[in-house]
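What follows is one structure encoded as structure tokens, with my remarks underneath.
Every number in this text was worked out from the coordinates using simple rules, so none of it is lab data. Model, not experiment: these values are computed from the prediction. Cβ coordinates were reconstructed from backbone atoms using ideal geometry, including for glycine residues, and neighbour counts include every protein chain displayed.
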Amino acid sequence: MIEARRGLRFLLNDEEIALADAAPDETLLDWLRLRRSLRGTKEGCAEGDCGACTVLVGRLCGGQLVYEGVNACIRFLGSLDGCHVVTVEHLKGRDGTLHPVQQAMVDFHGSQCGFCTPGFVMSLYGLWMRSPDPSDEEIEKALQGNLCRCTGYEAIIRAARAVSSYGQGGTDALALERDAVASRLKAMRDGRRVEIGEGRQRLVVPASVDDLAAVLEAEPAATIVAGSTDVGLWVTKFMREISPAVFIGGLQELQAISEANGFVTIGAGVSYSQARSFLAQRIPALGTLIDRIGGDQVRNMGTIGGNIANGSPIGDMPPPLIALGATVTLRRGGERRSVPLEDFFIAYGKQDRRPGEFVEALHVPLPKDGAHFSVYKVTKRRDEDITAALGAFHLGIEGGTVSSARIAYGGMAATPKRARAVEAALTGQPWSQETVEAALAAYDEDYQPISDMRASAEYRMLAAKNLLRRFFIETTGTKKPFTVKRYEEA
Amino acid sequence: MTAHQSNLTSSRISGGVATDRRHDSAHKHVTGEAVYIDDMPEPAGTLHACLGLSTAAHATIRSMDLSAVRSAPGVIDVLTGEDVPGENDISPTGKHDEPVLAVGKVQFFGQPIFAVIAKTREQARRACRLAKVEYDELPAVFDIAGLDPLSDRLVTPGLTLKRGEAAAAIAGAPRSLKGRMAIGGQDHFYLEGHIALAVPGEDHDVTVYSSTQHPSEVQHMVAHALGVPSHAVTVEIRRMGGGFGGKETQSNQFAAIAAIAAKRLGRAVKIRPDRDDDMTATGKRHDFVVDYEVGFDDEGNILGVDFVYAARCGFSSDLSGPVTDRALFHCDNAYFWPAVKAVSAPLYTNTVSNTAFRGFGGPQGMVGAERVIEEVAFAVGKDPLEIRKLNFYDAAGESSGRGVTPYHQPVEDNVVHRIVAELEQSCDYAGRRREIAAFNANSPIVKRGIALTPVKFGISFTATHYNQAGALVHAYTDGSVHLNHGGTEMGQGLYIKVAQVVAEEFQIDIEQVKITATTTGKVPNTSATAASSGSDLNGMAAQNAARQIRDRLTAFAAEKYEVPVEQVVFLPNRVRVGNQEIPFADLVKQAYMARIQLSAAGFYKTPKIHWDRDKGRGHPFYYFAYGAACSEVSIDTLTGEYVVERTDILHETGRSLNRAIDLGQVEGAFIQGMGWLTTEELVWDDKGRLRTHAPSTYKIPLASDRPKIFNVALADWSEAFEPTVHRSKAVGEPPFMLGMAVLHALSDAVASVAEHRVCPRLDAPATPERVLMAVERVRKVASG
């Protein structure tokens, strides 16, 4: 085996960084502000919810250099090996001219207190790169992860709409240096594992999936860090030790998503953003759902595999994947086993993952022709909110009769959980209002939800039942609209 | 930046009043170059503090073992209440009910009981968690719904407003009803959390950089806590990353701890709480329970109203007295109550001490008034807008005897009729109400609703002595001008507005006016930048200072060039003296050579106002600000989820100093008000622990929560009734309450499930859960 490299290498704006002393739990934000004195990037919440710390991270994906907005507050240095970190300080032209995104924000009065502004600028910059003349819907989606308390957003939206009228951004550093950056990043890839520190300070970046398997066999108690949208909070909010931390976000082998024989296979490292359009084309309801998970920054970091592996009862991907009948592949060393996803979640905080094992991939059967599949997420705030109750419905209906039913909910129990009694009450019955109303009683067998800050138990139960009603209306009704929508779906 | 070249022939200066100047820091905001306190270069050896918070809501501290904290890596010192050298109190109203660090007893879950000082912030945070504190729990009160406003413990005496005989009027009215409304609180969620950096000086001196709306109060509190004269303490703030009232008194604690530690250790000390600690340990908007009784006739004319406004104040008085007073001052909103009695009850609870928040109790007062209007409308079966219009105060110039507030101040400047009429027309209220009815008739699941609500908001601090301001202006010999005043910049654009006033006064380009950080060393004894008063007060004070210098220049020029003073005229960037024009800079230089004083301290106090709290009578407000909003919503009657389809706003800000800034205030305030009444929900558990202490659990509006269609206009005909600065009007708070239109549109949509026969009595915040539960209730009541 090649000897491990003892330091991280990445680009910060136009500077090459070599870090031999990065701690496993050192966040990009603290490093930027405290060690690099780049204080344009702000801390608003330290949990990936406000976007004041938004920076762009560029990485090579299949040879292409892709820049994505991320939350620096919950991004660890260990995840940046071979990446290009771009902060707000990099936007202004060398001659001092503002970038079109910045100039539009100035001209349209898009800042008041200004504290969230660098984050907004970076999110809009990321949007501008991928969509120079965006629709309002795209703008709003790009800003789901940015909170502003002063402006009411209207001025920011006006600025975002106007950016394209400021020319092509000829001085844009990333456009000018794109090829150079790509080759610099390519040159950093030496195929070596990175290992830094010992004991409580141990950080490992495996060189490959096989290497990851080897690392975990040797250190089964290691913390696996993919998108760090959850592990980030273990550090910033709970000050938990995560050493040894194994960073898998750079493993391209885990980022494959493909379809064959009626199954979609999702590598454990596929982010929501990477999965979105692929899944939306095949299972539209999942595309709509992903758009309501976190903000853009969280979707760029967070992985579907991580959403499964951490086993939260309010994770949004497990219920629909359970309803679809997905299985999860777990790997330890060279051994693999496959588990139906619904059996993976044993109890609150307890998953069927053995020491040294990691989630490698998910296999999701596509709904059969004629089957109905819908997912409904209910939250206090429409976007960037954590589920109060989420229902996923997958029904086969043949000749007006329910031939098969897989229904699963999040937020209703200590784990993502199937509604087996409700399924039983529907299966074999005519798909009718009467059947639906009769099945509602079965919810009390399936779920005893709790009251917390997101919703009362009473509301959770009522909303959960009403989601079945909504599903029925949607599959049979004629009087639209069936629910409230910000945008008509294309 | 190169020096600005003034145009000596232009007909207008750049950046005078009534121009849409950008925020003075906009170009620094977008590049990340604007310096907030946490961005300042730290003096060598700066230490970092973290607060240790109580984990009991009401308890005596049996023991507090901090040995593990003291021996944790990087820890330099640990402070407790006993280490406060002066007075361990930061009560802003002098009630001595709020310790810097609690000693012996805690009164809310999250109360600061010690502070760790360490080499890094991270070390201080980690060390805090090692404390071993044992409590003997005492009975605790969290919720006010079960309290008796008239007999339970208050943090400060309540107020009673009374005009006429409300009880008799209600009893004698053809119809009457009573009800109760719960109105939730609100976290400020300034994006920049609290922060203070204290740098020790010689003798007793300390300089504190504090993210505060009230530098003078921070100065005084720090001085008290240190036991030193105020002259030893200098407080400076260039900008805050948002305030909204949350940094009016709540900065005191952080500043005091940083200063105590800095003086004790002889090193700079910074404290920046994590967002969770910030939200847990600092006060919020008061939540209220309003009991109301109203007498009215079959037309919907309100004849008498009786209100009790009970507020959850938390463990100390803080600003709860004036906040609950202001709730009563707005129990009328824009309506004349022929007979009224309103009582406030600032109740003691074992929760964080609630504080100022944009509107300062006024919003809760108005929400109560609007509930009464809504109840009457449902009772008489009319559109609530009709009832609103029926009960308005007399318009300005009209005198049908409906022009006196519950606190006996005449309403002389009322333009609400015109605002509402214009908005009603421009947003096509009537046409859309018909369309909505047609839509609802054919839509079983999704229901729409619409509401148009007015705002009348009183401008001035109700503490009369706060209505004063100072400014300091220097003209330098190159003609550039240094501007300082007591107002603070939190994003609202105060600095640019005041600079515009000064530029206008001197007739020089605004580029020649240097905006400088607010500091207690330049302008003393200032009032909080609050109560929407920033530009009214500081604009006038700065104008006064500039005018003094201008008058001296005028006198000097008249004498030197031997012309009458009338022949000295300030033109853009130049002064006409007799027949010649002299560049402003040259005249200043000449004045300097002639030993003319080129520096002036300006002062302003608001005229006309007075208030006798014991009698409940007076003229507490210099004037009123008006506006109205119409919102349309869609709700899903299966889940309670909703979308704001459209909002139209017409708001007046007098002859605006800067319409772009004012428009931003109106838009931002509306969204913040909407958030308060919709998704922003504070939840405490049965241990008194706040469960919504971060943006993951506390949901302020996003860009995608804006109304899908959002039309905001400033009334172009508006002009202040009183001689305010350039006849402009305050804008900070009044538009916050325009958010009520969304609450009432949601209520209207809910009511449609039973053909508007049942008042939904939708409490705030109207989360999807509350909307769904209201739908269920309305259906149940309607079906008998």
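Taken over segment A:100-170, the percentage of Cα pairs per 10 Å bin, counting from 0 up to the bin with the maximum distance, is 23, 62, 15, 0. Computed FRET efficiency, Cβ-Cβ of B:ALA713 and A:TYR487, R0 30 Å: what is it to the nearest 0.05? According to the calculation, E is roughly 0.70. Electrostatic bookkeeping for B:PRO572 treats Lys and Arg as +1 and Asp and Glu as -1; over the other residues with beta carbon under 9 Å from its beta carbon, the sum is +1. On the principal axes of its alpha-carbon atoms, segment A:252-365 has extents of 33, 32, 26 Å, going from largest to smallest.
Taking every C-alpha pair closer than 8 Å and separated by at least 6 residues, the mean separation divided by the residue count of chain B gives a relative contact order of 15 percent.
Cross-link list B:LYS162/B:LYS608; A:LYS141/B:LYS284; A:LYS380/B:LYS447; B:LYS119/B:LYS247; A:LYS377/A:LYS465: which exceed 20 angstrom alpha carbon to alpha carbon?
Numbers: B:LYS162/B:LYS608 22 Å; A:LYS141/B:LYS284 30 Å; A:LYS380/B:LYS447 18 Å; B:LYS119/B:LYS247 26 Å; A:LYS377/A:LYS465 13 Å.
From B:LYS162/B:LYS608; A:LYS141/B:LYS284; A:LYS380/B:LYS447; B:LYS119/B:LYS247; A:LYS377/A:LYS465, over 20 Å: B:LYS162/B:LYS608; A:LYS141/B:LYS284; B:LYS119/B:LYS247.
Straight-line reach from B:LYS589: taking Cα to Cα under 12 Å and skipping same-chain neighbours fewer than 8 places apart, the aspartates and glutamates in range are B:ASP478.
The modelled label-to-label distance between A:THR476 and B:ASP143, using points 7 Å beyond Cα along the C-beta direction, is 3.9 nm. Using the Cβ of B:GLU632 as centre and a radius below 10 Å, the other residues enclosed give a net charge of +1, where K and R count +1 and D and E count -1. Our helix-only sum for chain B, with -39,500 (n - 2.57) per DSSP H run of n ≥ 4 divided by its residues, gives a mean residue ellipticity at 222 nm of -8500 deg cm²/dmol. Our note on the geometry: Cα centres of segment B:410-426 and segment A:246-316, 53 Å apart. Only helical runs count toward this figure. For chain A, summing -39,500 (n - 2.57) over DSSP H runs of n ≥ 4 and dividing by all residues gives -8000 deg cm²/dmol at 222 nm. Label point of B:ARG175 set 7 angstrom out along Cα-Cβ; within segment B:363-397, amide nitrogens under 13 Å from it belong to B:373-384, B:387. Other residues lying with their Cβ under 10 Å from the Cβ of B:ALA528 contribute a combined charge of -1, Lys and Arg counting +1, Asp and Glu -1.
Could you calculate the FRET efficiency of B:LYS687 with B:ALA168 from 1/(1 + (r/R0)^6), where r is the beta carbon distance between them and R0 is 41 Å, rounded to 0.05?
Numbers: r = 46 Å, r/R0 = 1.12.
Plugging the Cβ-Cβ distance into 1/(1 + (r/R0)^6) gives 0.35.
Once the Kirkwood radius over Cα pairs is known for chain B, the Stokes-Einstein relation at 4 °C and 1.567 mPa s delivers a diffusion coefficient of 47 µm²/s.
So for the protein assembly as shown, considering every pair of alpha-carbon atoms, how many percent are separated by more than 60 Å? For the protein assembly as shown, the share of Cα pairs beyond 60 Å comes to 13 percent. The modelled label-to-label distance for the pair B:ARG777/A:THR265, using points 7 Å beyond Cα in the direction of Cβ, is 5.5 nm. What does DSSP give for the protein assembly as shown in terms of the percent of beta bridges that are antiparallel, rounded to the nearest 5? In the protein assembly as shown, DSSP labels about 85 percent of beta bridges as antiparallel.
Taking the centroid of alpha carbons for each part, segment B:465-533 and segment A:344-391 are 56 Å apart.
The modelled label-to-label distance for the pair B:ASP297/B:GLU562, using points 7 Å beyond Cα in the direction of Cβ, is 7.8 nm. Placing a label point 7 Å from the Cα of B:PHE439 along the Cα-to-Cβ direction, the residues of segment A:462-482 with a backbone N closer than 11 Å are A:481.
According to the Kirkwood relation over distinct C-alpha pairs, the hydrodynamic radius of segment B:366-465 is 15.8 Å. The mean sequence separation of alpha-carbon pairs under 8 Å and at least six residues apart, normalised by the residue count of chain A, gives a relative contact order of 12 percent. Computed from point charges on the beta carbon alone (+1 for Lys and Arg, -1 for Asp and Glu), the dipole magnitude for segment A:252-365 about its Cα centre is near 120 Debye. Annotation: extensible slack from B:SER599 through B:ALA517 equals 27.8 nm (criterion: 0.36 nm per residue apart, minus Cα-Cα distance).
Can you figure out the FRET efficiency of A:ARG189 with A:ILE257, using R₀ = 25 Å and their beta-carbon distance, to the nearest 0.05?
Values: r = 22 Å, r/R0 = 0.87.
After rounding to 0.05, the efficiency reads 0.70.
Among beta bridges from DSSP that stay inside segment B:169-269, the antiparallel ones total about 60%. Quick one: of the DSSP bridges fully inside segment A:189-278, what percent are antiparallel, nearest 5? That works out to approximately 60 percent antiparallel. Decide, for segment A:374-476, between rounded, prolate and oblate: order the square roots of the alpha carbon gyration tensor eigenvalues as a ≥ b ≥ c, take rounded if a/c falls under 1.5, and otherwise choose prolate if a/b is larger than b/c, else oblate. Prolate is the answer for segment A:374-476, as a/c is 1.5 or above and a/b outweighs b/c.
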